[in-house]
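Engineer: The following block contains the structure, expressed as structure tokens.
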Amino acid sequence: MSTLNTENVPQPSENGNMRQNPSSLTLRWAILFFSCLAMTGVYYSFDIPAALHQQLKDYMASSSSSNPSDSDDNYALKFNLLYSVYSIPNIILPFFGGTIVDKFGAHNSALIFASLTLLGQLLFAIGAQIQSWNMMLIGRTFYGFGGESISVATSTLNSKWFAGKELALSFGIN
């Protein structure tokens, strides 16, 4: 079992104040900034379909030659599936997210989960470009594999780099 290197993590002094290595202060806040940036990107990308609902409907309708009365119901089903395929992996995956973070480490896990969200969003964008619902659904599924688990990894990173009152502040900011 590896031991945690705590030389850069602030330690409480005798009076309860936090002692900090000045060189680690910048690094810790940079880690918090990038953690916040990752989570903002994840939550922003999650809501992209809702923000583009009507535009996506008009764009995807131009590619289908089906019955117009059937297309509204069909579109609603496919649009809602974009959120369902994101949520389905996250019914089970949170049980394993912590184990994955423990096994591969918070840094590596954050990169893995961020890569999955990036891949999913790229596939979604390509699917939208080529007007393929199947490609968009596959992209949202990949996105789902990384979207919620990345919050476990970023929380673990915060807990390794912050202590005491700063830990609560970092969780609040993130």
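Engineer: So between Asp72 and Ile88, what do we pick up on full extension, going 0.36 nm a residue minus the alpha carbon distance? Mind dumping the intermediate values first?
Structural biologist: Numbers: separation 16, 0.36 × 16 = 5.76 nm, distance 2.41 nm.
Computed gain between Asp72 and Ile88 is 3.4 nm.
Engineer: Same structure, new question: Could you give the nm distance between label points at Trp29 and Leu81, where each point is 7 Å from its Cα heading toward the beta carbon?
Structural biologist: With each label point 7 Å from Cα toward Cβ, the separation is 4.8 nm.
Engineer: Another question, then. Would you list, by chain and number, the lysines whose Cα falls below 28 Å from the Cα of Lys78, excluding same-chain residues fewer than 8 positions away?
Structural biologist: Cross-link targets: Lys57.
Engineer: While we're here: At a 1.4 Å probe radius, carbon and sulfur cover how many percent of the accessible area of region 49-154?
Structural biologist: Details: 3830 of 5810 Å².
The C+S portion of the solvent-accessible surface of region 49-154 is 66 percent.
Engineer: Tell me, what ³J(HN,Hα) does each residue in region 155-166 have, in order and in whole Hz, if you take phi through Karplus 6.51 cos²θ - 1.76 cosθ + 1.60 with θ = phi - 60° and put x for Gly and Pro?
Structural biologist: Running phi through 6.51 cos²θ - 1.76 cosθ + 1.60 with θ = phi - 60° gives 5, 5, 4, 4, 5, 7, 9, 10, 9, x, 5, 5 Hz.
Engineer: Further question on the same structure: Percent of Cα-Cα pairs more than 20 Å apart in region 24-134, please.
Structural biologist: On the way: 3280 of 6105 pairs.
Value for region 24-134 (Cα pairs over 20 Å): 54 percent.
Engineer: Can you give the FRET efficiency to the nearest 0.05 for Ala51 and Ser132, using r as the Cβ-Cβ distance and R₀ = 30 Å?
Structural biologist: On the way: r = 20 Å, r/R0 = 0.67.
That pair, Ala51 with Ser132, gives E of 0.90.
Engineer: Computed FRET efficiency, Cβ-Cβ of Lys165 and Leu37, R0 22 Å: what is it to the nearest 0.05? Don't skip to the answer; put the middle values down first.
Structural biologist: On the way: r = 23 Å, r/R0 = 1.04.
E between Lys165 and Leu37, to the nearest 0.05, is 0.45.
The values are calculated or read from the model by the stated rules, or taken from the named source; none is laboratory data. Remember, it's a predicted structure, so these values are computed and weren't measured experimentally. Counting neighbours? That spans all protein chains shown, and the Cβs are built from the backbone with ideal geometry, glycine included. Remember, those area values only see protein heavy atoms, side chains included, never the ligands or the DNA or RNA. Shrake-Rupley method; radii C 1.70, N 1.55, O 1.52, S 1.80 Å.
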